[in-house]
Amino acid sequence: MVDKYDDDEQLIDVQVPVVSGSFVADKTTATYFNKVDAPLTATNFKVLLELTGSEAGIERPGVDIVVVLDVSGSMKGKKLEHMKIATKFLVKKLSPIDRLSVIKYSTNAKRLCPLRQMNRDAQTEIEGMIHELKHGGLTNTTEGLEEAVRVLRERRLTNGREVAIMLMSDGEPNPLDADGSQVPVHDVPVYTFGLGQNYDPKVLVNIAKRSKKGTFSTADVENTEASNLSIAFSQCLAGVLSVVVQDLTLTITKVQSKIEKVSAGDYFQSRDESEGSVTISFGNLYSHELRSILVDIVLDSVTESQGIDVLEFTYSYKDPIDLQVYDANPVLVTVSRTANPTTQERQEVLIEEARQNTAAKIREAREMADAKRYDDARSTIEDAKINLSRNGLDTSHPTVKALTSELDQFLKLLETPTIYEKLGRAFALATELAHALQRFAAKGNVDELRMFATKNMDQLLAQVKNYENDSTAPVSTAAQDAIQTTEATANANVAPPVNNPTVAMAEALTTHLGQAIQSLRDMQELINSIASGSI
């Protein structure tokens with residue numbers, strides 16, 4: 001008889017209160033960019049919409065994470081040690097509102113622990129389990145992933161919680177039909193990680209694609225200063241722990257225009273021809289994470305100068321804390337029709353076009369290299385680099401610099417067929433999926449390749465590098481990071497003293513905020529003491 005995985009730990013109440021006077025009314029910021037005028041004649045027109053997640057506060061949804069670890073025979077030596085270090089860092093970062101389950105797999109899969117509430121005792125016990133892992137056997141990815149899905153599907157506590165599966169492998173599936181690509185993961189993101197140079201990246205990419213917007217990252221075992229499994233895990237974890245919006249949906253509706261195309265990457269779109277609208281489902285949004293939507297429309301001819309509304313857009317999302325659905329007020333995009341338009345295309349629009357075109361060129365070059373057309377692949381990447389400097393782009397813009405870095409890195413990985421087979425294909429696939437989702441994935445030199453990285457990811461990158469240098473040093477939990485960020489934000493907003501009653505009130509509120517933060521620290525210490533059994 002197969003045991004049912006309904007033994008996930010129920011949570012002791014460790015919810016942290018909202019800091020009084022410090023809140024974000026909206027969990028997103030919406031902006032749009034377009035030329036302010038257009039000719040009287042029929043014309044093509046572009047509008048760029050951007051949705052950005054707000055600053056993550058102290059409150060956040062608890063996360064249930066299942067890590068799925070390859071311990072097959074090929075993991076011996078440095079690979080196994082890197083995996084242990086990376087997983088221990090992940091364990092240390094979680095807070096008591098989070099739960100973690102660990103699964104190891106080789107010829108067969110085994111759940112090492114149910115979903116455990118991540119207090120100090122659980123962290124210590126799980127770190128001990130990780131430390132004792134041994135290598136040996138084949139690589140049955142299917143069983144490992146199936147066990148992870150069972151853990152999440154059969155758990156009792158589900159309401160209001162984020163979920164994630166983090167699966168790593170260093171080798172090709174063995175047997176070959178046990179690659180995990182056919183495992184139904186339902187509504188769960190699976191983040192996959194390729195370690196070393198001997199795995200099949202297409203398998204891991206397919207698993208991520210079949211899930212709910214999971215990413216694929218690469219990790220080195222040689223050049224570990226800029227690329228390793230700890231870094232890859234940390235960047236993924238930074239996103240999972242900073243979800244500010246769930247079920248984000250954007251609807252774009254024509255007004256005096258016709259919508260030709262909506263380019264938003266690999267997100268589901270539905271059209272309502274009767275309404276002339278397009279709806280895009282984005283799912284979750286991390287703190288400070290951006291979604292760019294480029295809308296191509298056609299404006300009909302008009303006979304006289306006038307201002308017209310061309311598009312309307314609105315969006316809705318669920319707050320992960322109160323679980324309420326919020327609808328943003330509709331926004332109208334207006335254009336002045338004139339006989340002599342003067343404005344040039346917005347730089348923001350040009351840069352987003354360049355990003356999408358660059359991603360397409362990387363995919364095109366990867367397909368050429370897969371067909372052994374290496375010279376054509378290199379020429380395609382060289383042309384993409386030229387296009388970034390030809391089309392009037394601001395070459396000092398961070399996005400243009402990031403795109404150039406991606407092309408330079410891929411060009412190096414196309415130098416020889418051997419380098420491409422070992423590293424280049426995985427790099428390209430990780431890059432393609434990251435662009436399709438507009439979500440960061442670790443690959444290559446993460447110090448240089450920061451496309452789509454968020455503030456939280458930058459924060460954890462610095463922390464994990466310190467941890468790599470000294471794994472015995474204390475690691476702050478996600479809850480402690482949130483308190484530190486809130487305090488830094490409060491200090492940054494303190495104005496210089498002036499003789500003004502409004503400023504005096506602001507100073508009083510700031511003092512109150514500081515006291516609240518100290519109370520949160522005291523509460524965190526109390527929670528830790530209770531969790532460790534010291535009181």
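Give me a count of the residues in the range 258-269 that are buried (at least 17 other Cβ atoms within 10 Å of the Cβ), on the phi < 0 side of the Ramachandran plot and assigned to a loop (DSSP other than H, G, I, E, B).
Looking only at that region, the number is 2.
Hey, can you tell me all the residues within the range 336-351 that are touching a residue at least 60 places away in the same chain (Cβ under 8 Å), closer than 22 Å to Met451 by Cβ and not in a loop (DSSP other than H, G, I, E, B)?
Glu348, Val349
Which residues, counting only those in the range 55-73, are more than 21 Å from Glu9 (Cβ to Cβ) and modelled with pLDDT of 95 or more?
Correct list: Asp70, Val71, Ser72, Gly73.
Let me confirm something: among Val302, Val333, Val278, which residue is crowded, with 16+ Cβ neighbours inside 10 Å, among the β-branched types (Val, Ile, Thr) and not in a strand (DSSP E or B)?
Val302
I'd like to check which helices (runs of 4 or more DSSP H) are fully inside the range 423-535 and have at least 3 residues that are modelled with pLDDT under 95 and not charged (D, E, K, R).
455-469, 478-492, 501-532
Determine if the range 211-230 includes at least one residue that is charged (D, E, K, R) and under 24 Å from Arg355 (Cα atoms).
There is at least one residue in the range 211-230 that is charged (D, E, K, R) and under 24 Å from Arg355 (Cα atoms).
Could you list, in sequence order, the residues of the range 86-105 that are touching a Cys at 6+ places or on another chain (Cβ under 7 Å) and among the aliphatic types (A, V, I, L, M)?
Here is the first cut: in the range 86-105, the residues touching a Cys at 6+ places or on another chain (Cβ under 7 Å) are 101-102.
Within the range 86-105, just Val102 meets the criteria.
Conditions (1) under 19 Å from Asp8 (Cα atoms); (2) in contact with a helix residue (DSSP H, G or I) (Cβ under 6 Å, 6 or more places away or on another chain); (3) of a type in the set (Gly, Ala, Ser), marked per residue:
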residue: Gly160; (1), (2), (3): yes, no, yes
residue: Ile165; (1), (2), (3): yes, yes, no
residue: Gly171; (1), (2), (3): no, yes, yes
residue: His186; (1), (2), (3): no, no, no
residue: Tyr199; (1), (2), (3): no, no, no
residue: Lys202; (1), (2), (3): no, no, no
residue: Val205; (1), (2), (3): no, yes, no
residue: Ala208; (1), (2), (3): no, no, yes
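Every residue, every condition in (1) touching a Lys or Arg at 6+ places or on another chain (Cβ under 8 Å); (2) within 16 Å of Val102 (Cβ to Cβ); (3) aliphatic (A, V, I, L, M), yes or no:
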position	(1), (2), (3)
Asp121	no, yes, no
Lys134	no, yes, no
Gly137	no, no, no
Leu152	no, yes, yes
Pro173	no, no, no
Gly180	no, no, no
Asp187	yes, no, no
Gln197	yes, no, no
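For the range 248-262, give me each residue that is within 19 Å of the chain's Cα centre (by Cα) and among the polar types (S, T, N, Q).
Going residue by residue through the range 248-262, those that are within 19 Å of the chain's Cα centre (by Cα) are 248-250.
Scanning the range 248-262 gives a single hit, Thr249.
Any residue that is modelled with pLDDT of 95 or more and farther than 30 Å from Phe313 by Cβ - is there at least one of those in the range 45-53?
Within the range 45-53 (the criterion being modelled with pLDDT of 95 or more and farther than 30 Å from Phe313 by Cβ), the answer is no, since none of the residues qualifies.
Please go through the range 387-421 and give me each residue that is of a type in the set (D, E, K, R), in a helix (DSSP H, G or I) and at pLDDT below 95, ordered by number.
Within the range 387-421, Arg390 is the sole residue that qualifies.
The values are calculated or read from the model by the stated rules, or taken from the named source; none is laboratory data. Because the structure is predicted, anything quoted here is derived from the model rather than measured. As a convention, Cβ positions derive from the backbone with ideal geometry for all residues, glycine included, and neighbour counts pool all protein chains shown.
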